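Read through the structure below, which is laid out as structure tokens, and then see the notes.
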Amino acid sequence: MKKHHTYFFDIDGTIFRYRQFETYKNTPAVLTPGALEKLNEIRDAGHMIVLTTARPADLYGFTQDELHANKVPYDKIVMGLARGPRHLVNDMSPSEPGNRAIGWNLVRNEGLNNIGVVKV
């Protein structure tokens, strides 16, 4: 059985060009280069997409509307995270050696062109 992966993406500065919280409602969301194509590639490969953001929870509906208007595929959204660094911690399977926590640090607003997608 092929195992699918879960990809976590920050929204602002990664999928959409970075904007200050107070400007969200009066400035349009602009996709970063290659973001939509990469997210669709991940979705087409059968993987899960979890979006993360420091946006406050009261912007949940607004955020969903922006994502929908820009045709951004996702499975879940986690809102209200701290603005500092994010750490992904995962266990390693004794029967399937190899890294199970993978991370990329991207240049803000430069898009998703430099990440790999696992083929299953």
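Screening E41 on (1) out of contact with any helix residue (DSSP H, G or I) (no Cβ under 6 Å at 6 or more places or on another chain); (2) assigned to a loop (DSSP other than H, G, I, E, B); (3) within 22 Å of K2 (Cα to Cα) shows it passes everything except condition (2).
Number of residues in segment 12-27 that are within 18 Å of W104 (Cβ to Cβ) and not in a loop (DSSP other than H, G, I, E, B) equals 2. Residues in segment 2-40 that are over 16 Å from K71 (Cα atoms), of a type in the set (S, T, N, Q) and either touching a residue at least 60 places away in the same chain (Cβ under 8 Å) or open to solvent by less than 60 Å² (accessible area, probe 1.4 Å) (or both): T23, T27.
Report the residue count in segment 99-120 for those that are β-branched (V, I, T), in contact (Cβ under 8 Å) with a residue 24 or more places away in the chain and out of contact with any His (no Cβ under 7 Å at 6 or more places or on another chain). Before the answer, list the steps.
Taking segment 99-120 first, the residues β-branched (V, I, T) are 102, 107, 115, 117-118, 120.
Restricting the remaining residues to those that are in contact (Cβ under 8 Å) with a residue 24 or more places away in the chain gives 115, 117-118, 120.
Among the residues that remain, those that are also out of contact with any His (no Cβ under 7 Å at 6 or more places or on another chain) are: 115, 117.
Counting residues in segment 99-120 that are β-branched (V, I, T), in contact (Cβ under 8 Å) with a residue 24 or more places away in the chain and out of contact with any His (no Cβ under 7 Å at 6 or more places or on another chain) gives 2.
Scanning segment 56-98 for residues that are in contact (Cβ under 8 Å) with a residue 24 or more places away in the chain, loosely packed, with under 12 Cβ neighbours inside 10 Å, of a type in the set (D, E, K, R) and more than 16 Å from T6 (Cα to Cα) yields a count of 2.
Count of segment 41-55 residues, restricted to those that are open to solvent by 40 Å² or more (accessible area, probe 1.4 Å) and within 17 Å of K76 (Cβ to Cβ), is 2. Going by the conditions given, is M48 within 19 Å of H4 (Cβ to Cβ) and either within 12 Å of the chain's Cα centre (by Cα) or modelled with pLDDT of 85 or more (or both)? The answer is yes for M48.
The values are calculated or read from the model by the stated rules, or taken from the named source; none is laboratory data. The model shown is predicted, which means the values in this text are computed figures rather than measured ones. So basically every Cβ, Gly included, is an ideal-geometry build from the backbone, and we count neighbours across all protein chains shown. Side chains are part of the model used for accessible areas, which takes the heavy atoms of the whole protein and leaves out ligands, DNA and RNA. Shrake-Rupley method; radii C 1.70, N 1.55, O 1.52, S 1.80 Å.
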